[in-house]
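Just below is one structure, and these are the notes that go with it.
The values are calculated or read from the model by the stated rules, or taken from the named source; none is laboratory data. The shown structure was predicted, so the numbers you read here are calculated from the model rather than taken from an experiment. Accessible surface is based on the protein model in full, side chains and every heavy atom, while ligands, DNA and RNA are left aside. Shrake-Rupley method; radii C 1.70, N 1.55, O 1.52, S 1.80 Å.
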Amino acid sequence: MIRCVACDIDGTLLHGEEKALSPELLGHIERLGALGVHFCPASGRQYSSLRSLFAPVADELYYVCENGAVVYGPGSPGPVLAKKSMDRAAALEVCREILATEGCEVMISGANTSYLCPKEADVVDHVRFFVGNRLTVLERPEQVPEDIVKVSAYCRQGSRAVEPLLAPPWRGTFRTAVAGEKWLDFTTADKGIGVRALCSAMGVALEEVMAFGDNYNDVPMLKIVGEPYLMENAAPELRARFERRCVRVEDVLAALCERIEQGR
């Protein structure tokens, strides 16, 4: 029986320039909650951004944030259930390499704040208004005042073009993953680690989790849960790895609700 749904956001629930979730999805989340099934956004986004996105049901949800580096429980604000920080010296070196790469900006993530050291002003508006993050602008990465849980490269020419340049030297130290069309992430955690911590805190078995994703940073989560779904818009390589696929998360959640109700 499914007791938890973990779901990626960008490319899975939101596509292109979309900024708001469908009322249909929010209705399914409430219906699942009444059936005893918890919904958990599992995203590279920060906690504040996710709470804003899920505002009508925000206090009822669990959250796997920053690609699994920070897990929050329900509440306003909810408690931190798990946090996995990066080695600071190595994280700062990644930041410097990103800043030295043409066309790239660095975003440094704390538990609930993003830090930018912008080379061009457009990245500030993108992170603040499109991504919706709580944001602080610094002159240099060394000024980050808290533990670093994730470092991201914002790649104007596309993350797939930059990944072969930035990621390989760090694969023995950090987990690296293309996290979107323009984002490349470096973490000590991944969504699989985050979902394991979530399940431990909730007392839920991995086999009782349904998960949705569309990109490479979703693979560690999809590999470990009982019912993984890959979006049909995912890369062909990923589609070949997962049998369950869907076009709309809402359709699968509607079927899950019916399945649970009929089994009662």
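Across the range 121-186, C-alpha contacts under 8 Å between residues 6 or more apart give a mean separation that, scaled by the residue count, equals a relative contact order of 30 percent. Taken over the Cα atoms of the range 1-120, the convex hull encloses 129 Å³ per residue. Per the Debye calculation on the range 155-264 with a single equal scatterer at every Cα and no solvent contribution, log₁₀ I(q)/I(0) for q = 0.24 Å⁻¹ amounts to -1.34. Taking Lys182 as the anchor, which lysines have their alpha carbon closer than 21 Å to its alpha carbon, excluding any fewer than eight residues away along the same chain? Straight-distance partners of Lys182: Lys19, Lys119, Lys150, Lys191. Let me know the shape class of the range 78-183, please: from the alpha-carbon gyration tensor, a ≥ b ≥ c as square roots of the eigenvalues, rounded when a/c is under 1.5, otherwise prolate if a/b is greater than b/c, or oblate. Rounded, because the longest to shortest axis ratio a/c is under 1.5.
Only alpha carbons enter this Debye calculation for the range 215-264, each as an equal point scatterer, and the log10 of I(q)/I(0) it gives at q = 0.24, 0.28, 0.32 Å⁻¹ is -0.92, -1.09, -1.23.
Once the 1.4 Å probe is applied to the protein heavy atoms, the chain comes out at 42 Å² accessible per residue.
Within the accessible area of the chain, what % is carbon and sulfur when the probe is 1.4 Å and the other protein chains stay in place? That share works out to 49 percent. Our Cα-only numbers for the range 20-78 put the radius of gyration and Dmax at 10.8, 29 Å. Within the chain, the proportion of Cα pairs with more than 30 Å between them is 23 percent. Dividing the mean sequence gap of close Cα pairs (under 8 Å, 6+ apart) by how many residues the chain holds gives a relative contact order of 20 percent. Applying 0.36 nm per residue to the separation of Arg96 and Ala20 and subtracting their alpha-carbon distance, the gain on full extension is 24.0 nm.
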